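As structure tokens, the structure follows; a few thoughts come after it.
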Amino acid sequence: MSIVDVRTPDPKRFIPGATGDWEVIIGMEVHAQVLSNSKLFSGASTEFGNAPNANVSLVDAAMPGMLPVINEECVKQAVRTGLGLKATINKRSIFDRKNYFYPDLPQGYQISQFKDPIVGEGKIIISIGPDRQGQFEDVEIGIERLHLEQDAGKSMHDQHPSMSYVDLNRSGVALMEIVSKPDMRSSDEAKAYMTKLRSIVRYLGTCDGNMDEGSMRADVNVSVRRPGEAFGTRCEIKNVNSIRFIGQAIEYEARRQIGILEDGGVIDQETRLFDPNKGETRSMRSKEDAHDYRYFPDPDLLPLEFDDAFVEALKADLPELPDDKKERFVRDLGLSVYDASVLVSEKSIADYFEAVAEGRDGKIAANWVINDLLGALNKAGKAIEETPVSPAQLGGIIDLIKAETISGKIAKDLFEIIWNEGGDPAEIVESRGMKQVTDTGAIEKAVDEIIAANPDQVAKVQAKPSLAGWFVGQVMKATGGKANPQAVQALVKAKLGIEE
Amino acid sequence: MSVDLATVKRVARLARIAVSEEEAERMMGELNGILGFVEQLSEVNVDGVEPMTSVTPMEMKKRTDAVTDGSKADDIVANAPNSDRNFFLVPKVVE
């Protein structure tokens, strides 16, 4: 792999040291568990959380004489992901053995792809911002490759004083290792990259993106340099399992390296672990031979080959991806880039929004989904999947505003009632008397009463017409917010003799 | 290409094979004999020849994505020297 620096140093991203500015260089290897029913080379289940060694076939346990047979769906998932990353699809790829010794690797090697991966170079566009002017900066991050490989089993070290417990349920589950180019220049970019990658695989349905269950984890390569100089020596932070930790690990590691260099030291190329409790990285004192994997082509497996028709069929079935969706929301629905970005960030949010916007004004729907629904979900610590207000209910509220049955203010109350109690918006408005008063007679009566009761204000408003708003407020209050605000405004102005 | 004694010992350690000093000496001789024999292949001009990863002129067989195996944890751990509640037990390994 030839490393090319595609970025121009940007002072906004520099990290100040004691002796001047530094630039951090980040590349990532993300392991994403392929969504499939069975494993990459066996018919055992991939289901999470089953009893120890329940999801294990004799192939996964590496019993003598067992041979791997590839799961075609895993191949398709890797190709779909490659297409989502706008990457080259290699119609011929090779499986290699990566040899190392560990108790949760019964074969003594991991079947992986070394020289000829299934997917080659691609790219991801990340969006950084908004800045103080509300602007976003799009940055292209190169993808070096994506390859298929087996996951290892799981060891537990806390069950016994002198023994480790090994469960092979995960052994042989398909992983996609997605390797970026060293194109990121800040922890924010690295977090945005991981967020975007997770969003893409979720849209594609190729990985559930669930970092808590280990479905996605990142090895983060970090080095620092003086802006414009050659790349420095990197350290690899292994197995970081949350987006927040990725940011923390990079911030810590960059400053650790800057400290060493400013004191005249040198960086040892090494593997490190991030400790979320202490917020720091520390060296994994691994053996000197840890990286001598002695790769060679797996003689149990033929080359993986497919034709253009195979790729084209998968391409034709690809869902709309976040970037395309965002562009469509801006172009066809007139949403701001910011609103569109928020809505497409998660497929489930985009799906919810599209259900609400169907046959309604896109901008109004976006405002309700972003400000009211996402705001309330955030406050309640709920995910969109757990929303108490369905798209149909929120759509119903918007319809009632449009039909001028309720005012915007009452609509907020109605939203809260449905959030807490559920129910049909129109029925609630009917049964609880929340309808907007459009009967001019009733509004007129209220206006007359307020004017009669406040001669002082009436006198003032003649000198300062902008005070008319005070009367509008009083009338709204007197009618319990149910009067049509436009009607009230018109009547107040007419009665007080204020010109429009 | 030839290997020295240190390389022989390192490869043995990576493969978790115990070799005595005496055996390592002998293996170094044997391995260098084999490597020397294979070395003759480099005399052949292979410019523009794709590396061969398989000798079989057939396509790789593929499986459909169905769960057809598993649910036999008792069998899986049956030969293990030590197990507990269907976990394999191994001497403690912690990084």
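The values are calculated or read from the model by the stated rules, or taken from the named source; none is laboratory data. Computed from a predicted structure; not experimentally measured. Virtual Cβ from ideal backbone geometry, glycine too; neighbours counted across all protein chains shown. Quick note on the areas: whole protein, heavy atoms, side chains included, nothing else; ligands and nucleic acids left out. Shrake-Rupley method; radii C 1.70, N 1.55, O 1.52, S 1.80 Å.
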| DSSP-loop chymotrypsin sites (Phe, Trp or Tyr not before Pro) across the stretch A:58-138, with at most 15 other Cβ within 10 angstrom | A:Phe101, A:Phe136
| If amide H atoms are built 1.01 Å from N in the plane of the peptide, which residues on other chains or at least 5 residues away come under 5 Å of the amide H of A:Glu280? | A:Asp275
| Going 7 Å from the Cα of A:Glu270 toward and past its Cβ, which residues in the stretch A:218-255 have a backbone nitrogen under 15 Å from where you end up? | A:222, A:233-238, A:253-254
| request: Using Cα pairs closer than 8 Å and at least 6 residues apart in sequence, work out the relative contact order for chain A, in percent. | output: 13 percent
| note | Taking a ≥ b ≥ c as the square roots of the Cα gyration tensor eigenvalues, with a/c under 1.5 meaning rounded and otherwise prolate when a/b beats b/c or oblate if not, the stretch A:243-395 comes out oblate
| How much length is gained on full extension from A:Tyr102 to A:Ala313, taking 0.36 nm per residue of separation minus their Cα-Cα distance? | 72.0 nm
| Amide H contacts of A:Met163 (H built 1.01 Å from N, under 5 Å, at least 5 apart or other chain) | B:Lys92
| said: Using only the heavy atoms of the protein chains and a 1.4 Å probe, how would A:Trp22, A:Trp419, A:Trp470 rank by accessible area, largest first? | reply: A:Trp470, A:Trp419, A:Trp22
| Helical contribution to [θ] at 222 nm, DSSP H n ≥ 4, -39,500 (n - 2.57), averaged over chain A, rounded to 500 | -11000 deg cm²/dmol
| Magnitude of the charge dipole, chain A, Cβ model with Lys/Arg +1 and Asp/Glu -1, debye to 20 | 980 debye
| Quick one: Karplus J couplings for the stretch A:358-373, per residue in order, coefficients 6.51, -1.76, 1.60, θ = phi - 60°, nearest Hz, x for Gly and Pro? | 3, x, 10, 6, x, 5, 5, 4, 4, 4, 5, 5, 6, 6, 8, 5
| request: Would you mind calculating the gained length between A:Lys363 and A:Glu213 on full extension (0.36 nm times residue separation, minus the Cα-Cα distance), in nm to one decimal? | output: 50.4 nm
| note | A student applying the Cα gyration tensor rule (rounded when a/c is under 1.5; otherwise prolate if a/b is larger than b/c, oblate if not) would label the stretch A:288-351 oblate
| task | Go through B:Phe87, A:Ser187, A:Gly142 and say which Cα lies farthest out towards the positive end of the charge dipole of the protein assembly as shown; charges sit on Cβ, +1 for Lys and Arg, -1 for Asp and Glu. | result | A:Ser187
| note | Expressed in angstrom and rounded, the centroid-to-centroid distance over alpha carbons for the stretch A:73-94 and the stretch A:343-386 is 32 Å
| message | I'd like the distance separating the alpha-carbon centroids of the stretch A:401-463 and the stretch A:161-208, in whole Å. | response | 52 Å
| message | Can you list the residues in the stretch B:63-85 whose accessible area drops by at least 40 Å² when all protein chains are present, compared with the chain alone? Use a 1.4 Å probe, heavy atoms only. | response | B:Arg63, B:Asp65, B:Val67, B:Asp69, B:Ile76
| remark: Classified through the alpha carbon gyration tensor (a ≥ b ≥ c as square roots of its eigenvalues; rounded if a/c is under 1.5, else prolate when a/b is larger than b/c, else oblate), the protein assembly as shown comes out prolate
| request: Please calculate how many Å² of accessible area the stretch A:102-169 carries per residue, with a 1.4 Å probe and no DNA, RNA or ligand atoms counted. | output: 44 Å²
| field | the stretch A:334-390: trypsin sites (Lys or Arg not before Pro) in DSSP coil with no more than 13 other Cβ atoms inside 10 Å | value | A:Lys382
| remark: Placing +1 on each Lys and Arg Cβ and -1 on each Asp and Glu Cβ in the protein assembly as shown, then taking the dipole about the Cα centre, the residue among A:Val369, A:Ile401, B:Gly29 whose Cα reaches farthest towards the positive end is A:Ile401
| task | Compute the separation of the alpha-carbon centres of the stretch A:469-488 and the stretch A:8-70 and state it in Å as a whole number. | result | 60 Å
| Heavy-atom accessible surface of the stretch A:221-331: percent carbon and sulfur, 1.4 Å | 47 percent
| Estimated dipole of the stretch A:309-382 in Debye, rounded to 20 [Cβ of Lys and Arg +1, of Asp and Glu -1, Cα centre] | 280 debye
| query | Considering only DSSP states other than H, G, I, E and B, which trypsin sites (Lys or Arg not before Pro) in the stretch A:249-334 qualify as loop sites with at most 14 other Cβ atoms within 10 Å? | reply | A:Lys278, A:Arg285, A:Lys287, A:Arg294
| Given a 1.4 Å probe and no ligands, DNA or RNA in the count, how much accessible surface is buried by A and B, both sides, to the nearest 100 Å²? | 4200 Å²
| query | Cα to Cα, under 16 Å, and not fewer than 8 places away if on the same chain: which lysines meet these conditions relative to B:Lys72? | reply | A:Lys39
| query | Across the stretch A:93-105, in residue order, what do the Karplus-derived ³J(HN,Hα) couplings come to in whole Hz, using 6.51 cos²θ - 1.76 cosθ + 1.60 with θ = phi - 60° and x for Gly and Pro? | reply | 9, 10, 9, 10, 9, 9, 8, 7, 10, 7, x, 8, 10
| task | Rank these residues by their accessible area, most exposed first, probe 1.4 Å: A:Glu358, A:Glu236, A:Glu251. | result | A:Glu358, A:Glu251, A:Glu236
| More than 18 angstrom apart: percent of Cα pairs within the stretch A:1-64 | 64 percent
| message | If amide hydrogens are placed 1.01 Å from N in the peptide plane, which non-local residues have theirs closer than 5 Å to the one on A:Ile128? | response | A:Glu137, A:Asp138, A:Val139
| remark: Placing +1 on each Lys and Arg Cβ and -1 on each Asp and Glu Cβ in the protein assembly as shown, then taking the dipole about the Cα centre, the residue among A:His31, A:Val337, B:Met1 whose Cα reaches farthest towards the positive end is A:Val337
